[in-house]
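Below: one structure, written as structure tokens.
The values are calculated or read from the model by the stated rules, or taken from the named source; none is laboratory data. These numbers were taken from a predicted model, which means no experiment stands behind them. Counting neighbours? That spans all protein chains shown, and the Cβs are built from the backbone with ideal geometry, glycine included.
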Amino acid sequence: MRRTSRRCFLISALASSTCGCAHWLPTRKEPEPSKPSILTQEISPDTVGIETILLRLSSVESQQMKDLWTYADEQVIAPEQRLLLDRNGLRAGKFSGQLPAITQAWVSQNAARIEQDPMEQAGVVADVSSFSQLWRCRPDQRKVLTVRNLSKETVTLFYNDDGFRGGQFPAPHFLFSLYAKPLGPQSAHVLLRPELEYGQTRRSVVAKDSAIRTEERRESLSWDSLTLALSMQIGDCLLVTSSPEPRGIGEHFFRTRSKEGEIQDVILLVRVAELNAPDEFAEAQAAKTVKSDSPKRR
């Protein structure tokens, strides 16, 4: 599944550069209409396909970030929130439709590097994985988008959240909670909230839906004031990274050190790739029903 996921970026980026297509995912010819059958895939109208990738930039590529921001629309974020993001070392903007050529080149180079380097394929080059992922999101369904997971380190983190705060956090897991829901046939509402899990796992008893069960949880921080909530058209892409001078939350989320010791900037791309995507659970249930209803041999 990883192999298919990471190859989709290379194929689609090359297609974009040659024919001006705004899509990353490979496209295929629309099938001819067919008669309805019990095996026909049901399309869930409340499912959104979100494609994400984390790109680690070399020192040369990082110098191009200034040019990249000239293509990004930062006005989609309210001025007050942009100021708060900056205080915490974060920066975000949106590309409408086609990706800038700079980003297309980075996506292609990343896919080629993964294809050629066994260490990249194993995900041991850095603590940031650059594999692309396709998330099938439904309303109120949380997806955990991991940025960095430092299970053997303790970090000192300072941030602004109703005042200046900070502390030491062992075994930190830097992540975004991702939510998406359709707004119409061509647009979706996308929400990204930065979060941090840390410390040892603790088992607790939880009562839910008239049942009692145990759950394993860690301490966590959720920066609600830094949540990015945008209306995006299909093909639009959200860019999130650290501020030009890395600090605070942005530095810990979007800076990594490679095994060779190189400090690398990281960018997150979040794109609305599909609307009315297939409901995988419905498909599995339909297949199970068909199997159970099939006549048995005697």
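Just a few scattered comments:
- Condition check for SER151: closer than 21 Å to SER242 by Cβ and of a type in the set (Gly, Ala, Ser): no
- 3 or more residues closer than 21 Å to ALA92 by Cα: qualifying strands (runs of 3 or more DSSP E) within the stretch 142-250: 143-149, 154-160, 173-182, 187-208, 228-233, 237-242
- The stretch 251-298: number of residues that are part of a strand (DSSP E or B), over 19 Å from GLY123 (Cα atoms) and either modelled with pLDDT of 80 or more or under 18 Å from the mean Cα position of the chain (by Cα) (or both): 6
- Among the residues of the stretch 134-157, those identified as touching a strand residue (DSSP E or B) at 6+ places or on another chain (Cβ under 9 Å) and under 11 Å from ALA171 (Cβ atoms) are ASN149, LEU150, SER151, GLU153, THR154, VAL155.
- Close contacts from the stretch 68-86, counting a first residue that is closer than 18 Å to LEU99 by Cα and a second that is modelled with pLDDT under 95 and of a type in the set (Gly, Ala, Ser), with Cβ to Cβ under 8 Å and a gap of 6+ residues or different chains, come to ASP73/SER96.
- Filter result for LEU239 (of a type in the set (A, V, I, L, M), touching a Phe, Trp or Tyr at 6+ places or on another chain (Cβ under 7 Å) and either modelled with pLDDT of 95 or more or surrounded by 23 or more Cβ atoms within 10 Å (Cβ to Cβ) (or both)): yes
- Pairs with Cβ under 9 Å, 6+ apart, first in the stretch 152-167 and over 11 Å from GLU251 (Cβ atoms) and touching a residue at least 40 places away in the same chain (Cβ under 8 Å), second loosely packed, with under 11 Cβ neighbours inside 10 Å and of a type outside the set (Lys, Arg): ASP161/ASP224
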